[in-house]
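Working notes for the structure below.
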Amino acid sequence: MRALKRIRGPAHQLIGGAGVALDRLPLPPHVKDGRRLDSALRVSLAMDRALRLPPLGGGPIHEARRRARLQMALLDGPPGRVGSVVDATVSGAGGPIPIRRYSPTGKAPEGGWPVLIWYHGGGFVFGDLWTHDAACRRLCAEAGVAVV
């Protein structure tokens, strides 16, 4: 299956070195009521059914998080190149909150890079630094902004 691409990095490690990206699948479009379902999402949902996985809310939270990381790694594909990535924490009401700062390649403009603050979805339960790593890298690289 040439459409499947190998990935490396955190997502690759997450799924035991067998990671693939489902970003360009040769599937016919699925359209219902005038709305088109993304091919990669279609495959992800089919995998869930084939593996008889319970609904995301149907098991322990650590399993839901692991599954969310796997699904995002499959859907997002390989992480983009950025100039630097720095992990840190900020204070939160419930304790430290891990954050990650992505900076574009090259020399920062006078006054520094513009900054985009990314709040992941997942009900703010399933998502973490790894589920949205590829998306944040892509935003950083393609928009030329720092992403936190």
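The values are calculated or read from the model by the stated rules, or taken from the named source; none is laboratory data. Just so you know, these numbers come straight off a predicted model, no measurement behind them. All Cβ positions, glycine included, derive from the backbone under ideal geometry; neighbour counts span all protein chains shown. Each accessible area value is taken on the protein alone, full model and side chains, heavy atoms only, with ligands, DNA and RNA left out. Shrake-Rupley method; radii C 1.70, N 1.55, O 1.52, S 1.80 Å.
Quick notes
- Single match in 86, 82, 90 (criterion: in a loop (DSSP other than H, G, I, E, B) and not aromatic (Phe, Trp, Tyr)): 82
- Taken across the stretch 63-81, residues that are open to solvent by 40 Å² or more (accessible area, probe 1.4 Å) and at pLDDT 90 or above do occur, with at least one present.
- Selection status of residue 131, among the hydroxyl-bearing types (Ser, Thr, Tyr), more than 25 Å from residue 63 (Cβ to Cβ) and part of a loop (DSSP other than H, G, I, E, B): no
- Total residues in the stretch 95-112, condition open to solvent by 40 Å² or more (accessible area, probe 1.4 Å) and within 20 Å of residue 68 (Cβ to Cβ): 3
- For the residues 90, 125, 115, the requirement of being open to solvent by 40 Å² or more (accessible area, probe 1.4 Å), on the phi < 0 side of the Ramachandran plot and modelled with pLDDT of 95 or more singles out 115.
- Test: residue in the stretch 13-34 that is modelled with pLDDT of 75 or more and surrounded by 11 or more Cβ atoms within 10 Å (Cβ to Cβ): yes
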